[in-house]
Amino acid sequence: MRSTKIFTITILLILCMSLMPTASAHRCFVEQFSGDEIIVKAFYEGDAPMGLAEYQILNADTEELLYEGETDEDGFLSFAPVEGVTQYHVVVDQFGHKGDAIVNATGGNNKPAELPLFMRIFTGFGYLMGLAGIAMVYTSKKGNN
């Protein structure tokens, strides 16, 4: 009996450890703005800017280094488009937190838009309320039988 409990707990522990998603304490995002020159904003989750972060601008097709430097204090960087290059690979790195994106010279971003933090929080509460509702329906039907 005791060995089956230990075996079950060990299996559950192994499953929990192997199915755990990777943690990202400070996810980084890169966002493009339009204009005569390409303006990019680098920021952490919660819209905190990646101020004074190192960046590299690469040709997305050839991975050739085109520009490198440091973002301003608000996480913005700008560069003039290079003739003949339609897509840029922007890599921003600050204290090991790295964000990258493919930026089109014609505008837009290839990454799908993410929900803002407050919307994800409300969505999470909605899921929890839905699960609580399902549990209440189940227990009320179980109590009637």
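Read-outs: derived from the displayed coordinates by stated rules, not from any lab. Computed from a predicted structure; not experimentally measured. Cβ coordinates were reconstructed from backbone atoms using ideal geometry, including for glycine residues, and neighbour counts include every protein chain displayed.
Multiply the residue separation of Leu117 and Arg2 by 0.36 nm, subtract the distance between their alpha-carbon atoms, and state the gained length in nm to one decimal. Don't jump to the answer; show the numbers that get you there.
Details: separation 115, 0.36 × 115 = 41.40 nm, distance 4.53 nm.
Computed gain between Leu117 and Arg2 is 36.9 nm.
Could you tell me the calculated FRET efficiency between Glu37 and Glu63, based on Cβ-Cβ distance and R0 = 25 angstrom, to the nearest 0.05? It would help to have the intermediate numbers written out before the result.
On the way: r = 22 Å, r/R0 = 0.88.
After rounding to 0.05, the efficiency reads 0.70.
When ranked by the protection proxy of mean other Cβ atoms within 10 Å per residue, highest first, what sequence do the peptides 81-94, 62-75 form? Walk me through the numbers before you get to the answer.
Details: 81-94: 16.6, 62-75: 13.8.
Answer by packing, highest mean first, reads 81-94, 62-75.
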Potential lengthening between Val82 and Glu70 on full extension [0.36 nm per residue; Cα-Cα distance subtracted]: 2.4 nm
Reach of Lys98 by Cα under 13 Å, taken over aspartates and glutamates that are not fewer than 8 positions away in the same chain: Glu45, Glu54
